[in-house]
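Notes follow the structure.
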Amino acid sequence: MRRHLLSSVCFVSSLWAVSLISASTLQAQTDQEVTASRLKGIEFLKSQQQEDGSWEFEGHPVGITALCTLALLENGIPVSDSVIQKGRAFVVKESEKLNSTYDLALAILLLSRIGDREDKLLIRRFAARLIAGQSTTGGWSYTCPLAAASSLNNPRGRLKLGTSPGDNSCTQFAVLGLWTASRSNVNIDDSMSGVARRFVETQNEDGGWPYKLSTDDMKEPSRNSMTLAGLFCLTVARATKIRSLQEEQNKVEAAARGAEQKEGDTLVSDPIFAKGLEMAGKYAAGISASSARYFLWSTERVGVLLGLEKLGDTDWFSKGAAALIATQKEDGSWEDSRGKLADTSFAILFLRKANLGSDISRMLNGEPAKKFQIHSQAKKPEFDSLEAAIAAAKPGDLIRVNGDGPFRIPHVTVDKDLSIEAGFGYSPVFEYARGRNKLGLRARPERDPNVRHILQVTKGTLALEGIRFEFDPPEVGKEVPWVAIKVDGGNLRMLNCSVSEQNDKGMAAVQFTRPTNSSITNSFFVGGRAAFEIEGTGKQTIDVDESVIFSRKIFSVLKSPEKSAGGSINLNLSRCTIQGIDGFVFERFVKDINVKSDHCAWKVENLGLSMLSQRGAKTDRSYTGDGNVYDVDVWLGLNGTADSSVKDLKSWNSFWGNTDETSLADTLAFNLRRVNTSFNHRYTPADWELSETSRVAAQVTGLGARTSNVGAGAGFSRFRSSILYNEWKEKQVAEAK
């Protein structure tokens, strides 16, 4: 018992002890120096992994393994790398009796970040233990009871809370772990109420927070890392409350939205929070080469979380990065009295500016009066409407939408390189509005094809991030071929967007009418006559990755009325989950259509009933598959007539020249069963998560979309917090050049 207690104390001490390196004059650092420092730290951590996948730290092998693996993940080591897989395997193997607060929280962070569906039960189990470990003071100490995941669904059956005062270091880790677990549908409302009460009632006069709670006999001094912990915990507690209001908003739309905005606006003006933030600025001003890496990581987490470039008057990142670069050892590590692993992990997490909670970054200021901000311009001007912001934007600008809406968008046209993204913590909803045509007259969509969309791209590249399109157009007296997003020239980049309908007017979610090179990633499509419509004109490449698609037709290729009809169309799908009536509906006179599909889950009535250009022949068509699963009734045909020679996966593969040999034909079962013609805005990507009872889910690794990363809102927040988001951004920049 004594050894366990001592090892726990040493682990905590190593997290916030001051480095024994003398202070030195810090020089400004370049991006190249930061990157080089990170890379050296990455190589050091990789070199220290043991054969069993662990890293060594007395008393906390799971905690340090999760921390090191997480640091490597956040710094760009892919999930598929053996160092990550071995680290995960060790954490999972040691999970049965895991009861350390630090270890539980870090394990949740790691497993949630990896996102494997088989780890969801473990995340819930660890969360149940953390919830059971909270004391009546609202905090946590070193260990938690071995509560079962079933206790999450039965609050009355939970263990009675203990009375230990706990400490604020354990508490901030527990809070970070629980917030992360809440993304896996763990209710943490009661726990965060206790956390809020703890930090509201225990702030010191100077605005900071101590490591331990003060008593009548002993007044505990404020500490730098614990002050940042207090700010972090108050923010998470407030975010939890706001999220509850957002959920209520679905039931009582107007009233809840008003309450939500008021709650968000109060955080920065709250005297306790404001006083703590002022004290954090004083601590940031004192950053030096002797600053503890745990303190720097705590500073980075709060600074990035709240979108603050400065704490007080201090550029905390520049000063902290200079301190870290100056104190890095030759082998790439940083070290304190307990070793190198924890300090090196905290250092490279700081240098990466890893945001482990971007979904609560809006909590500082709430919603501004004007929601559309050109964030890339020097003065960051704000506008009342999207069309006004687009008109004022210059090529290459970024428009940030700092509000949820819904915003009524009157068929806006984009004719330049432009990015439109959700502000941190927001999930903007764009709805169709009938505006005015080019002559200034009220739009008549039943007559004018140029006013049947929400957004139209005619030139340049439009990048959309985290935007939700809810397309329910008005009744106009006749059937109209509505389109949510029309690409009539230029390119489209969609990241974590959602497009849905529920009034069954038969939209096309995205329509391409000119040659394009477009990509859709982590996006969610519900409803319509088709998810994607493509006119057969010119050379077109459309990539769809990690997306959930639920529509009548998935890909519908139309014959173009122009003479240039028949150009090459390349459709590339990777790790998508797809449900609908028809998979591929191709116009027979359109030439050269090439499809690639890897690790996609296809649950469609007809995979390619109108796919061929000639009966029984693959002329002008090609298909390559890898690791797909097909739940299909009819496989292949021409103009809606099935080809009787292709009736199963074996004959499908043979028809295409043995280009789909690694796929399976099996029944696909999702979490919720949706009828192919029933569409609703309230559907979520998680509805299409492979059922845990599905045989395919147990057999096939990496199949379909990781639904936790899909769509606007929570999916975008999660993806935005990962290194994968930076990689996506870098890819867009490279392609633009």
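Sort 455-466, 473-484, 618-629 by the packing proxy (mean of other Cβ within 10 Å over each peptide's residues), most packed first. Before the final figure, lay out the partial values.
Numbers: 455-466: 22.3, 473-484: 16.1, 618-629: 18.5.
In decreasing order of mean packing, 455-466, 473-484, 618-629 become 455-466, 618-629, 473-484.
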### Query
Cα to Cα, under 20 Å, and not fewer than 8 places away if on the same chain: which aspartates and glutamates meet these conditions relative to K160?
D189, D190
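For the chain, what is the convex hull volume of its Cα atoms per residue in Å³?
Taking the convex hull of the Cα positions in the chain, it is 168 Å³ per residue.
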### Query
Taking the range 297-444 on its own, what percent of its Cα-Cα pair distances exceed 19 Å?
64 percent
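If we count every other residue with Cβ under 11 angstrom of P61's Cβ, Lys/Arg +1 and Asp/Glu -1, where does the sum land? Could you put the intermediate results ahead of the total?
Details: positive: K93; negative: D52, E56, E58, E94, D103.
Net charge around P61: -4.
Net charge near Q50, counting Lys/Arg +1 and Asp/Glu -1 over other residues with Cβ under 11 Å of its Cβ? Spell out each step's value before the answer.
Values: positive: K86; negative: E51, D52, E56.
Counting the neighbours of Q50, the net charge comes to -2.
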### Query
For K729, which aspartates and glutamates qualify as cross-link partners when the Cα separation must be under 17 Å and same-chain residues fewer than eight apart are set aside?
D31, E74, D397, D417, E421, E465, D543, D545, E546
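Tally the DSSP beta bridges in the chain and give the antiparallel ones as a percent, rounded to 5.
Values: 17 of 114 bridges.
Restricted to the chain, the bridges split so that about 15 percent are antiparallel.
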### Query
Which ³J(HN,Hα) values in Hz, rounded to whole numbers, follow from the phi angles of the range 308-322 under the Karplus curve 6.51 cos²θ - 1.76 cosθ + 1.60, where θ = phi - 60° and Gly and Pro get x?
9, 6, 10, 10, x, 9, 9, 6, 5, 6, 4, 5, x, 5, 4
### Task
Calculate what fraction, in whole %, of the accessible area of the chain sits on carbon and sulfur atoms when a 1.4 Å probe is rolled over the protein chains.
49 percent
### Task
Using only Cα atoms, find the angle between the long axis of helix 253-269 and the longest principal axis of the chain, and express it within 0 to 90 degrees, rounded to the nearest 10.
40 degrees
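Using the heavy atoms of the protein chains and a 1.4 angstrom probe, tell me the accessible area per residue for the chain in square angstrom.
Per residue, the chain has an accessible area of 40 Å².
Rank by packing, highest mean first: peptides 295-303, 81-89, 607-615, 520-528, with packing defined as the count of other Cβ atoms within 10 Å averaged across residues.
Numbers: 295-303: 25.9, 81-89: 17.4, 607-615: 20.9, 520-528: 28.0.
With the highest mean Cβ count within 10 Å placed first, the list reads 520-528, 295-303, 607-615, 81-89.
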### Query
What are the principal axis extents of the Cα atoms in the range 452-566, in Å, biggest first?
35, 32, 23
### Message
For K93, give me every one of the lysines with a C-alpha distance below 25 angstrom, ignoring sequence neighbours fewer than eight places off in its own chain.
### Response
K46, K120, K340
### Message
What whole-number volume per residue, in cubic angstrom, does the convex hull of the C-alpha atoms of the range 596-652 give?
### Response
73 Å³
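Between beta-carbons, use under 12 Å as the cut-off and find the net charge around M494, counting Lys and Arg +1, Asp and Glu -1. Let's see the in-between values first.
Numbers: positive: R468, R493; negative: E421, E465, D543, D545, E546.
Every neighbour counted, the sum reads -3.
For the cross-link pairs K319/K379; K40/K329; K353/K379; K591/K618; K478/K553; K86/K329, which exceed 20 Å when the distance is taken from alpha carbon to alpha carbon?
On the way: K319/K379 25 Å; K40/K329 9 Å; K353/K379 24 Å; K591/K618 11 Å; K478/K553 22 Å; K86/K329 26 Å.
Going by Cα-Cα distance, K319/K379; K353/K379; K478/K553; K86/K329 fall outside the 20 Å limit.
How do the peptides 65-77, 314-326, 398-410 rank, highest first, by the average count of neighbouring beta carbon atoms within 10 Å per residue?
Numbers: 65-77: 24.6, 314-326: 22.2, 398-410: 19.5.
Ranked from most to least packed, the peptides come out as 65-77, 314-326, 398-410.
The values are calculated or read from the model by the stated rules, or taken from the named source; none is laboratory data. Just so we're clear, the structure is a prediction, and the values are computed from it rather than from any experiment. No Cβ is skipped: glycine too gets one built from the backbone with ideal geometry, and neighbour counts run over all protein chains shown. Just the protein is used for accessible areas: all its heavy atoms, side chains included, with ligands, DNA and RNA removed. Shrake-Rupley method; radii C 1.70, N 1.55, O 1.52, S 1.80 Å.
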